[in-house]
Structure formats: structure tokens, C-alpha cells
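Asks: There's a structure below that I have some questions on.
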Amino acid sequence: MCHQTVSLVARHLEENGIATVVMAAARDIPEHVGVPRLLHSDFPLGSPCGEPHNGPQQKAILEYAFQLLEHAFVPRTIVQTPFKWSGGDDWKNLIFTEKKDFLPPEEEADWLKRKESYRQLKKEGKR
Amino acid sequence: MSMYVRYIDRTRDYYLEKGYERSYQWAHFEDVPFTRLSKPLAESRVVLVSTSEIAERGSAEPEADGHQSAGGVYSIASHVPAEQLFSRTRSYDRGATTIDDVGSFYPTTGLHDAVASGRIGSLTTHFHGVYNTYSQRHTRERDCPEVLRRCREEGADVAILTSI
């Protein structure tokens, strides 16, 4: 959801004269929404700007974002950073699968509660 | 190199498998706006906008109405150092990474370093956060204009946007 929100904001700022770059770990959602510039790092959700505690890599990724701002000349320009997740690619086979719940059960229950409350407000015309 | 994860497909299958009947309809646009830089980055004022539920340590929990499923916009002073910030989010890949280093999703330290080195001109006084909501209409019609207003108020030329 947060990739969709950030993509919608990028589009609105860009429509109003502010150049943007979206830094994201998920590539398909911003691409689907349609953003002007997307810097994709093929990392797990939570680390779109570099691996935790890897300052030099985070700095390098931010520099890619600057260069993308400077050099893109058409919308939908996507650059993938060259870094590989140091822990390997196993996470790609686990995320959002039956092998591993995205949220622990108690948090999923809380999420469902909030979702239901949103539906109710929408039904009442308050959303 | 293995292919990147297609989250739209993956989450649809995941929630269908769990018994949720309807899959989410993601926003989609054919036309994409584009603005060239109006001046060199070294002369530009940069704003950071994030959906990472970033917060200052010790700050109060946001009110329910401004939290998560309801959307909403808030701001944090850009001078607050990373050590005083944390994320309230639960939506990240806990099996693979952590959010205990703010720099991995909220590049405030990098942006301040970039000002110091002259790579970018300056930063806005505030950075902005946007809460997620299922309602694309609310994000588009209420939250996006509010982010724009706050960016304009502080003369932002360029926006760096980060998700989590």
C-alpha cells in the first residue's frame, strides 16, 4: 500500500512542477501506478534505500537517485541499482507465501479490525 | 540474477488463499507527468517525503483518525537526526530485514551530507510523512494536495520519495 501512496504523491508533485524520484524496494507497484522516475533496489520491503547499517551503500544509492533526477528525460524512467542483498535471495521465495505469514497472527487480527472499521466508515459515507 | 518480486500478483494470490474474496484494485494510469529539473541540483532545495510512518522518539502515537487506514499528512523538522527517529510501521519483510537503521528507508543523514558536500543546494525546513489508506480518492484528493502545499510553502524544487 505504501508504494501506491508514494507513487500517487510523486505524480501529483510532478504535475505541479516539482521533479521527483521514488526510491523503492518493490518495483511492480510504482511501475503499475505510473511514476516519472523510479529507483529500484531489489531488496526486501523495509530497505528501499540500502541495507541496514551499510552507510556507504546507502550513500551510493542516494547518489543514484540524484543522477536519475538529473538524467531522466522521459517519464517512466526506471533505474535498478546494481546491489545484491547480502543475505541472498531466499526472501523472494518466502514473502507473501503460505510458507511465511506477512504479519504475526495478533497483528493480522488488528489489521483486519482496522480494515473493517474503514469499510464501515466508507459505508456510512464518512470515507 | 533472480527476478524481482511481483508484489501485485503475490499479494493477490496470498490473500485469495487466505479466503479474502476480492483482490485489491491498484491505481493505474496510462499518462505519467514529467517535470525537468528547473536548475542544477547544487542549487535546488530538496524535500523528503516518506510513507514509512517515521516518527520522533518519545512522540505521542498519532490519533486513530490520522493513522494508517485513514491516510493523512504530517511533518517532521528536517534537522532531527536519524538517531532520534524511528518507524512505527509493521509492514516490512521481518523475515529478511530490520528497520532499526533509519538510513535504510529514510535518507535524512545522506541528504544532510549531500548539502554539506554541495551535491544539493539545501533542504526544506520540514520533511513530510503520508499515511496509507485504501481510499485512492482520499490520497489523491486530500493528501496529495496537502503534501504539495507544504512543499511549496518551503520552496521545494525537488522531492525524494521513499516507501518502506
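The values are calculated or read from the model by the stated rules, or taken from the named source; none is laboratory data. Quick caveat: nothing in here was measured; it's all calculated off a predicted structure. Here Cβ is always computed from backbone atoms with ideal geometry, including for glycine, and neighbour counts include all displayed protein chains. What goes into the accessible areas is simple: the full protein's heavy atoms, side chains included, and nothing from ligands, DNA or RNA. Shrake-Rupley method; radii C 1.70, N 1.55, O 1.52, S 1.80 Å.
Asks: Total Å² of accessible surface buried at the B-A contact, 1.4 Å probe, nearest 100? Before the final figure, lay out the partial values.
Replies: On the way: alone 11840 and 9220 Å², together 13300 Å².
When B and A are taken together, about 7800 Å² of accessible area is lost.
Asks: Report the calculated FRET efficiency for A:GLU98 and B:GLN25 (r = Cβ-Cβ distance, R0 = 30 Å), to the nearest 0.05.
Replies: The pair A:GLU98/B:GLN25 has a calculated efficiency of 0.80.
Asks: Can you give me the Rg/Rh ratio for the range B:118-164, using Cα atoms for both radii and the Kirkwood formula for Rh? List each step's numbers first, then the result.
Replies: On the way: Rg = 12.3 Å, Rh = 12.1 Å.
Over the Cα atoms of the range B:118-164, Rg/Rh equals 1.02.
Asks: Same structure, new question: With the contact rule set at Cα under 8 Å and sequence spacing of 6 or more, what percent relative contact order holds for chain B?
Replies: 37 percent
Asks: Skip the ligands, DNA and RNA, and give the accessible area per residue of the range B:33-123 with a 1.4 Å probe, whole Å².
Replies: Dividing the accessible area of the range B:33-123 by its residue count gives 44 Å².
Asks: At a Förster radius of 30 Å, what calculated FRET efficiency corresponds to the Cβ-Cβ distance of B:ASP113 and A:LEU112, to the nearest 0.05?
Replies: 0.10
Asks: What is the extension gain from B:HIS138 to B:ALA60, computed as 0.36 nm multiplied by their sequence separation minus the C-alpha to C-alpha distance, in nm to one decimal?
Replies: On the way: separation 78, 0.36 × 78 = 28.08 nm, distance 2.42 nm.
In short, 25.7 nm is gained.
Asks: Could you put B:THR139, B:THR98, B:THR35 in order of accessible surface area, largest first, with the 1.4 Å probe and the full protein assembly present?
Replies: B:THR98, B:THR35, B:THR139
Asks: Probe radius 1.4 Å, ligands and nucleic acids ignored: give me the carbon and sulfur share of the accessible area of the protein assembly as shown as a rounded percent.
Replies: 49 percent
Asks: Would you compute, from DSSP H runs of 4+ residues alone, the mean residue ellipticity of chain B at 222 nm, taking -39500 (n - 2.57) per run and dividing by the full residue count, rounded to the nearest 500?
Replies: So the helix-based figure for chain B works out to -5500 deg cm²/dmol.
Asks: Describe numerically, in nm with one decimal, the distance between label points set 7 Å from Cα along Cα→Cβ at A:GLU63 and at A:SER86.
Replies: My value for the distance between the label points is 1.8 nm.
Asks: Enumerate the whole-percent occupancy of each 10 Å bin, from 0 to the last occupied one, for all C-alpha pair distances of the protein assembly as shown.
Replies: 6, 30, 38, 21, 4, 0
Asks: What is the magnitude of the charge dipole of the range B:2-116 about its Cα centre, with +1 placed on the Cβ of each Lys and Arg, -1 on the Cβ of each Asp and Glu, and no other charges, expressed in debye to the nearest 20?
Replies: The dipole of the range B:2-116 has a size of about 200 debye.
Asks: Counting pairs of Cα atoms in the range A:7-105, how many percent are more than 17 Å apart? Don't skip to the answer; put the middle values down first.
Replies: Details: 2676 of 4851 pairs.
Result for the distance tail: 55 percent.
Asks: Nearest 10 degrees, 0 to 90: what angle lies between the long axis of helix B:108-117 and the longest principal axis of chain B (Cα atoms)?
Replies: 30 degrees
Asks: Estimate the FRET efficiency between B:ALA42 and B:ASP100 by the formula 1/(1 + (r/R0)^6), using the beta-carbon distance for r and 30 Å for R0, to the nearest 0.05.
Replies: After rounding, the FRET efficiency stands at 0.35.
Asks: Give the accessible surface of the range A:1-114 per residue, rounded to a whole number of Å², with probe radius 1.4 Å and ligands, DNA and RNA excluded.
Replies: For the range A:1-114, the solvent-accessible area averages 38 Å² per residue.
Asks: Could you tell me which of B:SER91, A:HIS40, B:ASN132 has its Cα farthest along the dipole of the protein assembly as shown towards the positive end, charges placed at Cβ (Lys, Arg +1; Asp, Glu -1), taken about the Cα centre?
Replies: So the residue furthest toward the plus end is B:ASN132.
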